[in-house]
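Comments concern the structure below.
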Amino acid sequence: MVNFQKVKHMGIVTIPSLFTIGNITCGFFSILASVEGDFSFAGLLIFIAMLFDAFDGRVARMLHAESSFGVEMDSLADLISFCAAPAFLIYYIALRETPFGAPIAFVFMLFGAIRLAKFNVLANSGKGSKKHFSGLPTPAAAAVLVSLALSYDALSLEEVRRVLPIAKVYIPYIFSAVSFVTLGLALLMVSNIPYASFKSKPTSQNRKVTLGKFLFLAILIILFIKYPQDIVFIVFGLYALIGLIVALVRKFMSLNTK
């Protein structure tokens, strides 16, 4: 006889994997789009992959459908969408004509793979923290790199209506150092710098702070609708920089107290 309970459980376990498959699909077609020179579409697919990645784990926990298979699939999906796809995009849009362009793009992908392997090892050993990530998460590194590329692409195509006034001034200067930005993001991914995971649940004590976060988020959403790539670059760029600055300040303070 058919065990309907087992069939039902298998169906529930499959649901989060559909989001992971969506992540992989976006990553694969983003690579194809980069090769064909459709950079805007390639970047858009990476951002859509981030949405799939944000929901697969949450859906699995909500349905009590977590599995070791799902964890491994998620890491492989992230390798494609947040390591390989951004590396291809930045190579074809900026690094192809520069010395050592291919090795720099490869280092970003390689260090992203190391970051994912490190995350899995910490999670499996029970040493991972729910409050912080060890090293810059691959989706955040990808978001910085992809949004920088798309902001510059919008400027080069003279689509100035899609670019924040402040971005018109500073993006060209930042993009001129894109090789160093790419390597810097790669190093942050494999570092031990703690980055906030934002997974903690709000309590009654920080309700006012939570309200402030919602208001701030609402403003970001309004700006995102008009200047999507610029807002993504500013938010994730600040996330990467603040983590680095806090780590350096703590290191400096610890040296002074000795």
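The values are calculated or read from the model by the stated rules, or taken from the named source; none is laboratory data. Worth saying up front: this structure is predicted, and the values here are computed from it rather than measured. Note: ideal-geometry Cβ built from the backbone for every residue, glycine included; neighbour counts use all protein chains shown.
Tabulated results
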| item | result |
| --- | --- |
| Sole exception among (1) modelled with pLDDT of 80 or more; (2) loosely packed, with under 11 Cβ neighbours inside 10 Å for Lys208, by number | (1) |
| Qualifying residue in segment 121-135 (condition: surrounded by 17 or more Cβ atoms within 10 Å (Cβ to Cβ), assigned to a helix (DSSP H, G or I) and of a type in the set (A, V, I, L, M)) | no |
| Selection from segment 167-194 of residues that are in a helix (DSSP H, G or I), farther than 21 Å from Gly135 by Cβ and not aliphatic (A, V, I, L, M) | Lys168, Tyr170, Pro172, Tyr173, Phe175 |
| Verdict on Pro103 being at pLDDT 95 or above, more than 18 Å from the chain's Cα centre (by Cα) and not β-branched (Val, Ile, Thr) | yes |
| Residues being within 28 Å of Ala154 (Cβ to Cβ), free of Cβ contacts under 8 Å to residues at least 12 places away in the same chain and not basic (Lys, Arg) - total across segment 66-108 | 4 |
| Complete set of residues in segment 91-109 that are surrounded by fewer than 16 Cβ atoms within 10 Å (Cβ to Cβ) and assigned to a helix (DSSP H, G or I) | Ala102, Pro103, Phe106 |
| Scope segment 169-183; condition farther than 17 Å from Pro99 by Cβ and surrounded by fewer than 18 Cβ atoms within 10 Å (Cβ to Cβ); matching residues | Val169, Tyr170, Pro172, Tyr173, Ile174 |
| Residue in segment 76-97 that is out of contact with any Cys (no Cβ under 6 Å at 6 or more places or on another chain) and within 15 Å of Asn192 (Cα to Cα) present | no |
| Checklist (1) within 19 Å of Ser30 (Cβ to Cβ); (2) not in a helix (DSSP H, G or I) applied to Cys83, failing item | (2) |
